[in-house]
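Here is the structure we will look at, set down as C-alpha coordinates.
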Amino acid sequence: MRTSKLSRKTKETDITLSLTLDGSGKANIGTGIGFFDHMLTAFGVHGGMDLEVKTVGDLYVDAHHTVEDTGIVLGKAFAAAIGDKAGIARFGSSYIPMDEALGFCSLDVSGRPFLVFDVEFSDDKMGEMDTCLVEEFFRAFAFNAGITLHIKSCYGSNDHHIAEAIFKAVAHAIKRAVKIDGEAVLSTKGVL
(Lines give C-alpha, C1' and ligand atoms only; values in the text may rest on other atoms or scores of the structure.)
Protein backbone atom coordinates (compact mmCIF):
# COMPACT_ATOMS: atom_id res chain seq x y z
CA MET A 1 0.00 0.00 0.00
CA ARG A 2 1.30 3.47 -0.92
CA THR A 3 1.34 5.35 2.37
CA SER A 4 3.26 8.20 3.94
CA LYS A 5 3.26 9.88 7.34
CA LEU A 6 4.99 13.19 7.92
CA SER A 7 5.37 15.80 10.63
CA ARG A 8 6.73 19.31 10.23
CA LYS A 9 7.12 21.92 12.96
CA THR A 10 8.16 25.53 12.44
CA LYS A 11 7.69 28.71 14.45
CA GLU A 12 4.48 29.28 12.44
CA THR A 13 2.89 25.82 12.14
CA ASP A 14 2.89 22.33 13.63
CA ILE A 15 1.60 19.72 11.18
CA THR A 16 1.11 15.96 11.32
CA LEU A 17 -0.25 14.28 8.22
CA SER A 18 -0.84 10.76 6.96
CA LEU A 19 -1.78 9.84 3.40
CA THR A 20 -2.77 6.53 1.84
CA LEU A 21 -3.12 6.81 -1.93
CA ASP A 22 -4.98 3.50 -2.23
CA GLY A 23 -7.51 4.28 0.45
CA SER A 24 -11.26 4.40 0.70
CA GLY A 25 -11.67 8.17 0.90
CA LYS A 26 -11.63 8.50 4.68
CA ALA A 27 -10.71 12.02 5.73
CA ASN A 28 -10.03 13.37 9.20
CA ILE A 29 -9.05 17.01 8.84
CA GLY A 30 -8.40 19.69 11.46
CA THR A 31 -6.64 22.91 10.47
CA GLY A 32 -8.61 25.48 12.44
CA ILE A 33 -9.99 26.89 9.16
CA GLY A 34 -13.45 25.48 8.50
CA PHE A 35 -13.56 26.15 4.77
CA PHE A 36 -10.08 24.68 4.26
CA ASP A 37 -11.10 21.59 6.25
CA HIS A 38 -14.11 21.24 3.92
CA MET A 39 -11.89 21.46 0.82
CA LEU A 40 -9.30 18.97 2.13
CA THR A 41 -12.09 16.56 3.09
CA ALA A 42 -13.47 16.77 -0.47
CA PHE A 43 -9.92 16.28 -1.79
CA GLY A 44 -9.44 13.05 0.16
CA VAL A 45 -12.91 11.66 -0.46
CA HIS A 46 -12.95 12.36 -4.20
CA GLY A 47 -9.34 11.29 -4.66
CA GLY A 48 -10.04 7.92 -3.01
CA MET A 49 -7.26 8.69 -0.55
CA ASP A 50 -7.24 8.23 3.20
CA LEU A 51 -6.10 11.58 4.52
CA GLU A 52 -5.49 12.71 8.08
CA VAL A 53 -4.33 16.27 8.70
CA LYS A 54 -3.76 18.02 12.00
CA THR A 55 -2.43 21.55 11.58
CA VAL A 56 -1.94 24.04 14.39
CA GLY A 57 -0.97 27.37 12.90
CA ASP A 58 -0.56 31.02 13.82
CA LEU A 59 -4.13 31.91 12.91
CA TYR A 60 -3.87 35.03 15.06
CA VAL A 61 -1.75 36.39 12.18
CA ASP A 62 -3.93 35.05 9.37
CA ALA A 63 -4.53 31.77 7.54
CA HIS A 64 -1.60 32.03 5.11
CA HIS A 65 1.02 29.97 6.95
CA THR A 66 -1.50 27.28 7.90
CA VAL A 67 -2.75 26.81 4.32
CA GLU A 68 0.62 27.03 2.57
CA ASP A 69 2.47 24.82 5.05
CA THR A 70 -0.29 22.19 4.87
CA GLY A 71 0.20 22.20 1.09
CA ILE A 72 3.95 21.72 1.57
CA VAL A 73 3.50 18.73 3.88
CA LEU A 74 0.76 17.17 1.72
CA GLY A 75 3.00 17.52 -1.34
CA LYS A 76 5.96 15.90 0.42
CA ALA A 77 3.72 13.08 1.67
CA PHE A 78 2.39 12.52 -1.85
CA ALA A 79 5.93 12.36 -3.28
CA ALA A 80 6.97 9.85 -0.61
CA ALA A 81 3.86 7.69 -1.12
CA ILE A 82 4.15 7.61 -4.92
CA GLY A 83 7.79 6.48 -4.74
CA ASP A 84 9.60 5.87 -8.05
CA LYS A 85 6.33 6.22 -10.04
CA ALA A 86 6.74 2.77 -11.63
CA GLY A 87 3.52 1.56 -13.21
CA ILE A 88 1.39 4.65 -12.61
CA ALA A 89 -0.78 6.09 -15.38
CA ARG A 90 1.10 9.37 -14.73
CA PHE A 91 -1.39 11.72 -16.41
CA GLY A 92 -4.86 12.66 -15.19
CA SER A 93 -7.53 15.13 -16.19
CA SER A 94 -11.00 15.87 -14.89
CA TYR A 95 -13.90 18.29 -15.32
CA ILE A 96 -16.11 18.67 -12.25
CA PRO A 97 -19.38 20.62 -12.15
CA MET A 98 -20.57 22.20 -8.92
CA ASP A 99 -23.97 23.78 -9.55
CA GLU A 100 -23.26 26.80 -11.83
CA ALA A 101 -19.46 26.36 -11.65
CA LEU A 102 -17.26 24.10 -13.76
CA GLY A 103 -13.71 23.27 -12.67
CA PHE A 104 -10.98 21.60 -14.70
CA CYS A 105 -7.63 20.02 -13.84
CA SER A 106 -4.99 18.36 -15.96
CA LEU A 107 -1.81 17.08 -14.35
CA ASP A 108 1.35 15.09 -14.87
CA VAL A 109 3.09 13.28 -12.01
CA SER A 110 6.36 14.03 -13.75
CA GLY A 111 8.80 15.11 -11.07
CA ARG A 112 8.84 18.52 -12.81
CA PRO A 113 6.78 20.83 -10.61
CA PHE A 114 4.80 23.62 -12.22
CA LEU A 115 1.50 25.37 -11.58
CA VAL A 116 -0.83 27.11 -13.98
CA PHE A 117 -3.73 28.54 -11.98
CA ASP A 118 -6.42 30.16 -14.11
CA VAL A 119 -9.07 30.88 -11.49
CA GLU A 120 -10.73 34.14 -10.49
CA PHE A 121 -12.72 34.69 -7.34
CA SER A 122 -15.10 37.58 -6.79
CA ASP A 123 -14.81 37.88 -3.01
CA ASP A 124 -11.81 38.21 -0.70
CA LYS A 125 -12.83 35.40 1.64
CA MET A 126 -14.68 32.11 1.86
CA GLY A 127 -15.49 31.72 5.53
CA GLU A 128 -12.24 32.50 7.36
CA MET A 129 -10.03 31.61 4.40
CA ASP A 130 -8.72 34.23 1.98
CA THR A 131 -9.56 33.23 -1.59
CA CYS A 132 -5.98 34.02 -2.70
CA LEU A 133 -4.79 31.15 -0.48
CA VAL A 134 -6.33 28.55 -2.78
CA GLU A 135 -3.58 29.27 -5.31
CA GLU A 136 -0.94 29.29 -2.55
CA PHE A 137 -2.08 25.86 -1.38
CA PHE A 138 -1.92 24.34 -4.85
CA ARG A 139 1.47 25.91 -5.58
CA ALA A 140 2.92 24.50 -2.36
CA PHE A 141 1.37 21.11 -3.07
CA ALA A 142 2.49 20.91 -6.72
CA PHE A 143 6.07 22.01 -6.06
CA ASN A 144 6.56 19.62 -3.16
CA ALA A 145 4.77 16.70 -4.85
CA GLY A 146 6.67 17.12 -8.11
CA ILE A 147 3.50 17.55 -10.16
CA THR A 148 2.89 19.66 -13.24
CA LEU A 149 -0.54 21.01 -12.32
CA HIS A 150 -2.94 22.98 -14.50
CA ILE A 151 -6.13 24.24 -12.84
CA LYS A 152 -8.86 26.25 -14.51
CA SER A 153 -12.25 27.56 -13.52
CA CYS A 154 -14.20 27.40 -16.77
CA TYR A 155 -16.99 29.52 -15.28
CA GLY A 156 -18.98 30.10 -12.13
CA SER A 157 -20.33 32.89 -9.94
CA ASN A 158 -20.26 31.44 -6.41
CA ASP A 159 -16.72 31.34 -4.96
CA HIS A 160 -17.52 28.35 -2.74
CA HIS A 161 -18.69 26.38 -5.77
CA ILE A 162 -15.68 27.47 -7.86
CA ALA A 163 -13.22 26.40 -5.16
CA GLU A 164 -14.98 23.12 -4.47
CA ALA A 165 -15.13 22.28 -8.18
CA ILE A 166 -11.39 22.77 -8.61
CA PHE A 167 -10.44 20.87 -5.44
CA LYS A 168 -12.57 17.93 -6.62
CA ALA A 169 -11.21 18.19 -10.17
CA VAL A 170 -7.64 17.98 -8.84
CA ALA A 171 -8.60 15.01 -6.65
CA HIS A 172 -10.17 13.08 -9.54
CA ALA A 173 -7.21 13.87 -11.82
CA ILE A 174 -4.79 12.58 -9.15
CA LYS A 175 -6.89 9.44 -8.72
CA ARG A 176 -6.50 8.72 -12.45
CA ALA A 177 -2.80 9.61 -12.55
CA VAL A 178 -1.72 7.39 -9.63
CA LYS A 179 -3.67 4.35 -10.80
CA ILE A 180 -1.38 1.40 -11.46
CA ASP A 181 -1.51 0.87 -15.21
CA GLY A 182 1.57 -1.28 -15.88
CA GLU A 183 4.96 -2.04 -14.40
CA ALA A 184 7.41 0.35 -16.04
CA VAL A 185 7.82 4.09 -15.57
CA LEU A 186 5.81 5.81 -18.31
CA SER A 187 8.61 7.85 -19.84
CA THR A 188 10.84 7.68 -22.91
CA LYS A 189 13.73 8.36 -20.51
CA GLY A 190 12.85 5.35 -18.36
CA VAL A 191 12.78 7.48 -15.19
CA LEU A 192 10.77 10.41 -13.86
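The values are calculated or read from the model by the stated rules, or taken from the named source; none is laboratory data. Bear in mind the structure is a predicted one, so any value in this text is a computation, not a measurement. Here the Cβ is made from the backbone with ideal geometry for all residues, glycine too, and neighbour counts use every protein chain on show.
Among (1) closer than 25 Å to Asp84 by Cα; (2) surrounded by fewer than 19 Cβ atoms within 10 Å (Cβ to Cβ); (3) in contact with a Ser or Thr (Cβ under 8 Å, 6 or more places away or on another chain), where does Ile147 come up short?
(2)
Applying the selection to region 78-100, what residues are of a type in the set (Asp, Glu) and at pLDDT below 95?
Hit for region 78-100 is Asp84, nothing else.
Going through region 155-178 one residue at a time, which ones are surrounded by fewer than 16 Cβ atoms within 10 Å (Cβ to Cβ) and touching a strand residue (DSSP E or B) at 6+ places or on another chain (Cβ under 7 Å)?
Listed by number, the list holds a single entry, Tyr155.
Could you say whether any residue in region 72-94 is crowded, with 19+ Cβ neighbours inside 10 Å, in contact with a Cys (Cβ under 7 Å, 6 or more places away or on another chain) and assigned to a strand (DSSP E or B)?
Looking for residues that are crowded, with 19+ Cβ neighbours inside 10 Å, in contact with a Cys (Cβ under 7 Å, 6 or more places away or on another chain) and assigned to a strand (DSSP E or B), one finds at least one in region 72-94, hence yes.
Which pairs have Cβ atoms under 9 Å, sit 6 or more apart or on different chains, and link a residue in region 25-38 that is part of a loop (DSSP other than H, G, I, E, B) to one that is modelled with pLDDT of 95 or more and among the acidic types (Asp, Glu)?
Final answer for the pair search is Gly25/Asp50; Lys26/Asp50; Lys26/Glu52; Thr31/Asp37.
Of all residues in region 24-62 being among the hydroxyl-bearing types (Ser, Thr, Tyr) and surrounded by 19 or more Cβ atoms within 10 Å (Cβ to Cβ), which is farthest from Ala81 (Cα to Cα)?
Here the residue is Thr31.
Among the residues in region 68-91, are any without any contact (Cβ under 8 Å) to a residue 40 or more places away in the chain and of a type in the set (Phe, Trp, Tyr)?
no
For Phe141, indicate whether it is surrounded by 23 or more Cβ atoms within 10 Å (Cβ to Cβ) and closer than 16 Å to Ser93 by Cα.
no
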